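Engineer: Got a structure here, written out as structure tokens. Questions coming.
We did not get these values from a lab; they are worked out from the coordinates using the rules stated. Worth saying up front: this structure is predicted, and the values here are computed from it rather than measured. Cβ: placed from backbone, ideal geometry, glycine included. Neighbour counts: every protein chain shown.
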Amino acid sequence: MAIIGKIREKSGLTLILLGVAMLAFIMGGWDSIFGAANQTVGLGEVAGEQVDPLKYENAVNAMIQQDQQQYAQSQRPYTQADQQVSTDRAWTMLVEGMILQKEYEKLGLDVSKTELDAFLYGTDGFTVMPDLAQSFKDSITGQFNPRLLEKRIQEMESSSDPQVTASWENNKQNLIEQRKNEKYYQLLSQGAYVTSLEAEEEYKAQKEVKSVSFVVRRYSEIPDDQMKVSEDELKAYYDEHKNEKKYESTAGRDVKYFDINIVPSKADSVVFNKTINSLKAQFASAKNDSIFVLANSDLKFYTSTRQSTLRPEGDAKAQQGLTYPLAMDTVFKMAIPGQIVGPYQDQGKIRLAKVRAFNTNLCKVRHILINAPKGDSLKIKSAQRKADSLVKFINKDNFAEYVTKYSEDPGSKSTGGVYENFLDYEMVPEFSKFSVEKPVGTIGTVKTDFGIHIIEVLDRTAVKYPIVSFIEKTLTPSQDTETKATDDAYNILYSLDEKVSRKSTPRAKLDIFDTIAKQKGYFVRPVRITDENPKAQGFATSFAEDRILKLAYDENSEVGTLCSSPIKDQNRYIIAIVSSIREKGTPEFIDVEESMRAEVIKIKKAERFIKQMNGVKNLDLLAKKGKTIVNKSEVVFANPQIQGGGYEPEIVGSLFSGLKDGQTTLPLKGEQGVYVIRLNKTTKAPATNNYTMEATQLLSGVRGSMQNEAKMALIKLSEVKDNRKFASLGIRR
């Protein structure tokens, strides 16, 4: 096998290849550059039908736009990872829509105009959707006004703007699909049924109790490496069990890899510590903290306001990044303004904090909000008049009643209008000023951008939280350290390639990969990839994931194929090897060898324990012989869990299969170990002819899981193929 080798040791051809690769990356046409036949790869299939690229693109754009708006409203950054989540959700919705559309057609499911109107306006047994109820409220009654919705729909339908009419048609179609979806699963739900016999059996399974004593010899008592398994034993087990459902193979590829982390060296730490000490001295004497922080901190954050108050780590109200470790609590509280605290470690970062002042009050108030948008003078005057009239009648005893009746703040209405443990900067200025300055017990009105508040000051708690400016630095590897890690990665891969290429069988190639990784102190991880949904989990960058998929599905790859060069994934290099190429159905021996080895080891351990435990009926003697104890447990058939043992369905089943009180079992092979059990007493279920509760519970469970199970079954029957990754990487299936 050819390895590209170290870049700086290869000049001519390597530089040409790199230039061509960069051009291919920019232009998106590696195959066409080298003249390879360009085979079109579809996005995917659902029941043999190709996914429409335009519909997929529209679904993705709509989902991204929707999620971006939600993130913006909650003031969260929308990252590339979030965009990938949005994209996958759009794919899932599109696939499920294609599947369900076929079901609707088979059943003749449709939604008439009359039904859609009832669905929209909440008539004929329908409830108005919450979003519509909120958006079309009557200004006087505060209740949903169907005429407002009807007027808006008419405006959209008759609009001269084609975008408005198209938007309404799209929304209307979505509502129709939503209603079809509801009807489909309601039909399925109506088909669920629980018989009286099932209810009776469930009652007995829950109420009949077996009181047992037992001794268990756990498989974990014997280290796996003490159980020798020959190749012939494994092959015999494979031949006997390869067609069992639990070993059935899904089509796909497996890759093994280990990573070489790029971490700072001792020399890097020395240089870093010197830099921190120098910054500490400069920070203490800096005349302009803003300029100094922004010039020297990795985190470019500075504010001259009290918003830079730090709370102790673990505080329920703490904002991310504005905390200090609990171990530093005394240090901060003893500090004086102008003092530099640190360096100290905070969540992997090193910080220097200059204390400017202290925030000394945690406030607790309750309020009633009368909404009045900023700039709407009429509504502001109306809200002020209403607040002024209400405040005359409000006191500490009836405040909660007035909150329930009049407050328009959904964030605090359920808690009686209470906001507690907040610092002055955490509320709008006017609200904070009243909360901090007015005596406890004061009730009054305050105008803010949200409207008019009626506030009662309930309490103030003395605290001492530092208001700081801080510098944050991260110890990172130097260029020399990164260069050394790069050299190490290439040297290890070069050595691996030499040794792997000498081996003639796939198993031998994988064994040498595992051996060398272990010798060098690296941990080998598996990556399982399925053809239907090709993703490589566990990587920080899409570049690394794409390289792994390319390695796994390259037309020349086979079991034992190594990556051609180390794969960079943020602060690590990855060395990977193809470990399996699976076809659907009966697995190849190499694909199930390790899982079957574990099963054979368990069987051998069980045989050893059974031999040791056979013929001994006295549990105390058996426990002494096995250097263990006699356990006691109460067992019901409905929950195959043995307290002191483990999850053991077969063992519990045997206890309810004719074993009589006072009898002791032979050694029984379970999932966790080998058991010898004495049935001390059976407590029968109390006699009854009423199994309504059990029938209701069973039916509720069936209906509760029906939608998800039906969806999974339909997806499986439709043989969904997700080719998106293959399409983007130009991989041919």
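Engineer: Report the paramagnetic label zone for Tyr71: residues of region 521-547 whose backbone N is under 18 Å from a point 7 Å from Cα along the Cα-to-Cβ axis.
Structural biologist: Label zone hits: 540-543.
Engineer: With each pseudo-label sitting 7 Å past Cα toward Cβ, what's the Glu155-Glu198 distance in nm, one decimal?
Structural biologist: Using points 7 Å along Cα→Cβ, the separation is 5.1 nm.
Engineer: To continue, here is another question. With a ≥ b ≥ c taken as the square roots of the eigenvalues of the C-alpha gyration tensor of region 75-196, please select rounded if a/c is under 1.5 and otherwise prolate if a/b is larger than b/c or oblate if it is not?
Structural biologist: It is oblate, given that a/c is not under 1.5 and a/b is not larger than b/c.
Engineer: Let me ask another. Under 25 °C and 0.890 mPa s, how fast does region 266-358 diffuse according to Stokes-Einstein, given a Kirkwood radius computed over C-alpha pairs? Answer in µm²/s, whole number.
Structural biologist: 173
Engineer: Spelling out what I want: for every residue of region 629-644, take phi, set θ = phi - 60°, compute 6.51 cos²θ - 1.76 cosθ + 1.60 (Karplus), and round to whole Hz; glycine and proline get x.
Structural biologist: Using θ = phi - 60°, the values come out as 10, 8, 9, 10, 7, 10, 10, 10, 5, 5, 10, x, 10, 9, 4, x Hz.
Engineer: Chymotrypsin sites (Phe, Trp or Tyr not before Pro), restricted to region 489-582: which are DSSP loop and have at most 12 other Cβ atoms within 10 Å?
Structural biologist: Qualifying residues, ordered by number: Phe523.
Engineer: Taking the Cα centre of each part, how many Å lie between region 673-689 and region 694-733?
Structural biologist: Here the answer is 39 Å between Cα centres.
Engineer: Something else about it: Under the rule of at least 5 residues apart or a separate chain, name every residue whose amide H is placed under 5 Å from the amide H of Tyr344.
Structural biologist: Hits under the 5 Å cutoff: Arg351.
Engineer: Taking Cα extents along the principal axes in Å as the quantity of interest, determine which of (1) 91, 85, 68; (2) 103, 71, 49; (3) 83, 69, 43 was computed from the displayed structure.
Structural biologist: It is the one labelled (1).
Engineer: Could I ask something else about it? Would you please name the trypsin sites (Lys or Arg not before Pro) within region 619-725 that are DSSP coil residues with at most 16 other C-beta atoms within 10 Å of their C-beta?
Structural biologist: Listed in order of number, the matching sites are Lys627, Lys660, Lys684.
Engineer: Would you kindly work out the equivalent ellipsoid of region 366-456 from its C-alpha gyration tensor and give its semi-axes, the square roots of five times the eigenvalues, largest first in whole Å?
Structural biologist: 18, 16, 13
Engineer: Can you give me the C-alpha center-to-center distance between region 572-604 and region 507-557, rounded to a whole angstrom?
Structural biologist: 13
Engineer: Could you tell me the calculated FRET efficiency between Ser265 and Asp514, based on Cβ-Cβ distance and R0 = 41 angstrom, to the nearest 0.05?
Structural biologist: 0.90
Engineer: Determine the distance separating the Cα centre of region 312-356 from the Cα centre of region 208-280; give it in Å without decimals.
Structural biologist: Going from one Cα centre to the other spans 39 Å.
Engineer: Using DSSP to define loop residues, name the GluC sites (Glu not before Pro) in region 495-564 whose beta-carbon has at most 10 other beta-carbon atoms within 10 Å.
Structural biologist: Qualifying residues, ordered by number: Glu555, Glu558.
Engineer: Assuming R0 = 51 Å, can you tell me the calculated FRET efficiency for the pair Leu378 and Gln612, based on Cβ-Cβ distance, to the nearest 0.05?
Structural biologist: Computed FRET efficiency for Leu378 and Gln612: 0.05.
Engineer: Beta carbons within 10 angstrom, averaged per residue: use that to sort the peptides 646-652, 131-137, highest first.
Structural biologist: Top to bottom by mean Cβ count within 10 Å: 646-652, 131-137.
Engineer: Further question: Assuming 0.36 nm per residue, please report the length gained on full extension of the stretch Thr275 to Lys172 beyond their Cα-Cα distance.
Structural biologist: 30.8 nm
Engineer: Could I ask something else about it? Give the long-range amide H neighbours of Asn359: residues separated by 5 or more places, or on another chain, with amide H under 5 Å away, using H modelled in the peptide plane at 1.01 Å from N.
Structural biologist: Residues meeting the amide H criterion: Tyr465, Ile467.
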